[in-house]
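> My questions all concern the structure below.
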Amino acid sequence: EITSLLSLYGGQFSGEQEIHVNSPFWILNIPSEEMARGLMKRTVCAKSVFELWGHGRSAGELCASLKNYPMDKMLPYLQSDSTYKVHIHTFNKTLTQAQKIKKIDALEFLPFKGKVNLKNPEHIFWILEDYGMDPNNVPEEPFHLYFGRWIADGQRELIESYSVKKRHFIGNTSMDACLSFIMANHGRVKPNDVVYDPFVGTGGLLISSAHFGAYVCGTDIDYNTIHGLGKASRKNQKWRGPDENIRANLRQYGLEKYYLDALISDSSRPIWRKGMLFDAIITDPPYGIREATRRTGSQKETVKSAERSTENHIFVSSNYHLSDIFFDLLKFAAEYLVMGGRLVYWLPIYRPEYTEEIIPRHPCLKLISNCEQMLSSHTSRRLITMEKVKEFKDQDQNSYLLDGQYMPYRGHNSFREKYFSGVTKRIAKEEKDNQK
């Protein structure tokens, strides 16, 4: 998320120290304070950002580091006509008030000339101490200490204010608010973009993009979901109300002006005119577990089921193989994304058999990131982010990657279907076992 947002604001990712997996703190080299503030206006992963004045593995190392920090960079925030306070945050340990005061007093060598103001200071300084990640084995002394000037907080409050629990219209698989905002950030969604979700469902992924000022639209094959009809997903509610729909969700958050439309459509049969249309495609395809994977079919094809909606709208649907879903999604993104536009989607994984080779590829799309969300010891899903780097040509119409080369796609049997069908069955079995 941080890497995507830095590139959105024109910065480049570079860490001054190795990323420690077992530490919540991360040193970044960000070109300007303005860029840091812009990043924190978007991120839901990072809690706060500070201008780092010094750090070390002990109190002595921290003091030596602070004494080496350029005085000309300190002085603007230490003037006699300014106010300040020092805050202490300890990760994985709780300190007494006396211990905190002692640590603050140890910084008296810093040339603070302003007045202390605990309620409304002009400048806030933080001492950050890292006591590791193991709550059952907390060390006496921290592994690492940091001191810096607070610049801005992240957008963690969005997780609560956009919580699915408070949302007007939800479905069985409505996306968690935190993950929804992370996906929008991976997609580098910005004001006036057009963002599309081909498996829109109840529109949870549209909300986060609209929050960042993008115009949103989507399609789904499910007539009842698009029109807000049928059985409700919320506990103790039998049927959906008259105003339960995607537009009502956006209206709930004051984002209705960004709503373009939601259409009933089969994602395997694109309905859009030729040419690049979308700045980002952000979606969560159905895996065939809680939500069925289906597409429209004809009477001549093998018919899975015939369904009738409450509005007497009749269609015939057939099985939609999971590998076909991802192939169609990549092909659609390659054709309809603008250059530099991003595709962000979830890929289900059976961990014991997972290799990076099973990730679907397309010659027009570059893999940017591949992040894992653990679901159980054996199953997970991966958030795949891809960027369009090549103009779509006719010869790219039916291409996929196999053994390092792009080959013509000849149906689901040749495109990892054996793996994906196994993934679906195993995840479904684990869900059943968990329910028992």
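> Can you find, within the stretch 192-203, the residue that is nearest to S267 (Cα to Cα) among those that are free of Cβ contacts under 8 Å to residues at least 60 places away in the same chain and open to solvent by 10 Å² or more (accessible area, probe 1.4 Å)?
The qualifying residue nearest to S267 (Cα to Cα) is T202.
> Return the pair list, or none, for Cβ contacts closer than 6 Å from residues in the stretch 271-291 that are farther than 18 Å from L179 by Cα and open to solvent by 70 Å² or more (accessible area, probe 1.4 Å) to residues that are modelled with pLDDT of 80 or more and part of a loop (DSSP other than H, G, I, E, B), at least 6 apart or on different chains.
I271/S265
> Being among the hydroxyl-bearing types (S, T, Y) and open to solvent by 70 Å² or more (accessible area, probe 1.4 Å) is the filter here, so list the residues in the stretch 44-85 that pass it.
Scanning the stretch 44-85 gives a single hit, S80.
> What are the pairs with Cβ atoms under 9 angstrom where one residue, in the stretch 27-47, is in the same structural domain as H144 (by the TED database) and within 17 Å of R149 (Cβ to Cβ) and the other, located anywhere, is surrounded by 19 or more Cβ atoms within 10 Å (Cβ to Cβ) and among the charged types (D, E, K, R)? Sequence gap at least six, or different chains.
Taking only residues 6 or more apart or on different chains, the pairs are A46/E1.
> In addition: Mind checking which residues of the stretch 217-232 are part of a loop (DSSP other than H, G, I, E, B) and β-branched (V, I, T)?
Answer for the stretch 217-232, where residues must be part of a loop (DSSP other than H, G, I, E, B) and β-branched (V, I, T): just I221.
> Something else now. Looking at the stretch 107-119, can you tell me whether even one residue there is within 31 Å of the chain's Cα centre (by Cα) and more than 30 Å from G228 (Cβ to Cβ)?
Scanning the stretch 107-119 turns up no residue that is within 31 Å of the chain's Cα centre (by Cα) and more than 30 Å from G228 (Cβ to Cβ).
> Further question on the same structure: Take the conditions closer than 19 Å to F50 by Cα and either modelled with pLDDT under 95 or within 37 Å of the chain's Cα centre (by Cα) (or both) and apply them to N92. Does it pass?
no
> Regarding the stretch 175-186, can at least one residue be identified that is more than 17 Å from E1 (Cα to Cα) and among the small types (G, A, S)?
No, because not a single residue in the stretch 175-186 is more than 17 Å from E1 (Cα to Cα) and among the small types (G, A, S).
> Before we move on, is A248 buried (at least 23 other Cβ atoms within 10 Å of the Cβ) and either farther than 30 Å from S7 by Cβ or in contact (Cβ under 8 Å) with a residue 60 or more places away in the chain (or both)?
no
> Need at least 1 residues that are modelled with pLDDT of 55 or more and of a type in the set (S, T, N, Q) per element, so show me which strands (runs of 3 or more DSSP E) inside the stretch 285-369 make the cut, counting only ones lying wholly within it.
294-296, 314-319
> Name the single residue that is farthest from G10 (Cα to Cα) among those in the stretch 206-221 being touching a residue at least 60 places away in the same chain (Cβ under 8 Å) and open to solvent by 10 Å² or more (accessible area, probe 1.4 Å).
Of everything passing the filter in the stretch 206-221, I221 is farthest from G10 (Cα to Cα).
> If you check G132 against the conditions, is it in contact (Cβ under 8 Å) with a residue 12 or more places away in the chain, small (G, A, S), assigned to a loop (DSSP other than H, G, I, E, B) and in contact with a Pro (Cβ under 7 Å, 6 or more places away or on another chain)?
Criteria met by G132.
> Mind listing whichever residues of the stretch 167-192 are farther than 30 Å from N236 by Cα and part of a loop (DSSP other than H, G, I, E, B)?
Within the stretch 167-192, G187, R188, V189, K190, P191, N192 qualify.
The values are calculated or read from the model by the stated rules, or taken from the named source; none is laboratory data. Keep in mind the model is a prediction, meaning the values are calculated, not measured. As a convention, Cβ positions derive from the backbone with ideal geometry for all residues, glycine included, and neighbour counts pool all protein chains shown. Ligands, DNA and RNA are excluded from the accessible area calculation, which covers all protein heavy atoms including side chains. Shrake-Rupley method; radii C 1.70, N 1.55, O 1.52, S 1.80 Å.
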